[in-house]
Amino acid sequence: MHLYRNGVEMSRWSGGFTLIELLVTMAILAILLAIGVPSYQSITTSTRMTAEINGLVAHLQYARSTAIKEGQDVTVGTGGGNNWEGGWSVTDASGTVLKQQQAFQGGDTLAANLAAITYDRNGFTANATTLTLHDTANTVAFRKCVVVSLVGQLTLNKQGACP
């Protein structure tokens, strides 16, 4: 059987989607989004926090090596207070800023029991401390810590294994 409209033969299937096909496609898309979005958020949080803690470790290592190389005290410290998420700077004994870290953008918190870590000419510190990084939801799985010993050694603990 052939259908004609305005003198032109039309096939039975005009190439569009049926309502059932559209609903099935949308249901599959909704399922994929429900699975994928939380995984994506988890990956972005983990990546952001890894970058933040790596920046801290890099500045601490730089400060220690500079103190040893230059034979003078080098300090890594916040502008004030024990909350490091507002940024920190690396300064030498004369107060010259050698490096600086801007504030965190993701709402994460980085706390320690002191506002500055000073390395002497031997690379030692006067106070051992632990700096703990938390995500905005304070999820234990994302928590990361940097432990600074009296001899200046850095230990990075990941996945919530903080002292």
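The values are calculated or read from the model by the stated rules, or taken from the named source; none is laboratory data. What you see is a predicted model, and the numbers here were worked out from it, not measured in a lab. Cβ sites come from the backbone with ideal geometry, for glycine too, and all protein chains shown count toward neighbours. The accessibility values were calculated without ligands, DNA or RNA, using every heavy atom of the protein model including side chains. Shrake-Rupley method; radii C 1.70, N 1.55, O 1.52, S 1.80 Å.
Using only the Cα atoms of segment 30-163, what do you get for the radius of gyration and for Dmax, in Å?
Spelled out, the Cα radius of gyration and Dmax of segment 30-163 are 16.4, 61 Å.
Keeping all protein chains in place and using 1.4 angstrom, which order do Asp120, Asp135, Asp73 fall into by accessible surface area, from largest down?
Of Asp120, Asp135, Asp73, the descending order of accessible area is Asp73, Asp120, Asp135.
Can you show me the helix-derived [θ] at 222 nm for the chain, built from DSSP H runs with n ≥ 4 at -39,500 (n - 2.57) apiece and divided by the number of residues, rounded to the nearest 500.
Here the helix-only value at 222 nm equals -12000 deg cm²/dmol.
What does the net charge come to around Ala141 if you take all other residues with beta carbon closer than 11 Å to its beta carbon, with K and R at +1 and D and E at -1?
+2
Accessible area of segment 10-123 with a 1.4 Å probe: how many percent of it is carbon plus sulfur?
On segment 10-123, the fraction of accessible area on carbon and sulfur atoms equals 59 percent.
Could you report the chain's accessible area per residue, 1.4 Å probe, as an integer in Å²?
63
With a Förster radius of 22 Å, plug the Cβ-Cβ distance of Thr136 and Tyr62 into 1/(1 + (r/R0)^6) and report the FRET value to the nearest 0.05.
Efficiency for this residue pair is about 0.20.
Which sequence of Leu56, Leu156, Leu19 reflects their accessible areas, 1.4 Å probe, from the largest down?
Largest to smallest exposure gives the sequence Leu19, Leu156, Leu56.
Which is the longest part of the chain that has none of the chymotrypsin sites (Phe, Trp or Tyr not before Pro) sitting in a DSSP loop with at most 14 other Cβ atoms within 10 Å?
Counting at most 14 other Cβ atoms within 10 Å as exposed, the longest clean stretch of the chain is 18-163.
Can you pull the accessible area of Thr47 for me, 1.4 Å probe, Å² to the nearest 10?
Rounded to the nearest 10, the figure is 90 Å².
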